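*Asks:* Dropping the structure in here first, questions after.
None of the figures in this text is laboratory data; all of them are computed from the coordinates on show. Owing to the predicted nature of the structure, the values given are computational and were not obtained by experimental measurement.
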Amino acid sequence: MKVLLFFLFLLSLLYFTTFREGLEVGASIGEYDYLKPHEPTVLDSTTEKEFVDIYNNTTSFSPIYSLNTLINLTNIKKYATLDEIKYYIKNKKWPYGSYIINTLTSQLDNIKKFSSTTHVTNADDAQKVWPTRILYDGFFKNVESQQSPVPLSNDIFTGKAQPPTSSLPSTISPTTSSSSLSPDNYTKLKSICSSI
């Protein structure tokens, strides 16, 4: 009987401590989010102006990123969803899943080789400049497409696979979580519940 009550307690605790998913400031971002293809984004004039102003101010460290031409903005709309653009407006950076953050960190030396052209010398600058798909397309796709087996990230980017739905978010913010459990404690609790 005690085991049953303990099990019910853990289940209810797990139910009430699950993380809310969503794209808002500090929201949880899945490991492979923003890699899969999408239709070009359509922006209303107000959102477009707000985005262009914020993007130009945020990337002012390099004039090559100025969104003063239709071609530059068209590229952004081709690679970034409306949710990503709204995230950028609020955070002054693109939302990156943990896969992109980890790959960017491990490949930063290779990206720095292009710094005379890109003016990007660190991960923070990259996140200010490039949406996930542009970063992946420009720096990671060609290498990963030659690997055997081809990584899941490449299959997601090309539309051959969907991102896993069961992965834990890469970032968890107390302001957007319905619980005060840390990610480690959440994982431990989930493990305990699955072993019962």
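*Asks:* Over 28 Å between C-alpha atoms is what I'm after, so list which of Lys112/Lys160; Lys49/Lys160; Lys86/Lys113; Lys49/Lys113; Lys112/Lys141; Lys90/Lys160 land there.
*Replies:* Values: Lys112/Lys160 30 Å; Lys49/Lys160 34 Å; Lys86/Lys113 31 Å; Lys49/Lys113 33 Å; Lys112/Lys141 17 Å; Lys90/Lys160 31 Å.
Over 28 Å apart, Cα to Cα: Lys112/Lys160; Lys49/Lys160; Lys86/Lys113; Lys49/Lys113; Lys90/Lys160.
*Asks:* If you stretched the chain out fully between Asn102 and Asn72, how much longer would it get, using 0.36 nm times the residue separation minus the C-alpha to C-alpha distance?
*Replies:* My answer for the length gained is 8.1 nm.
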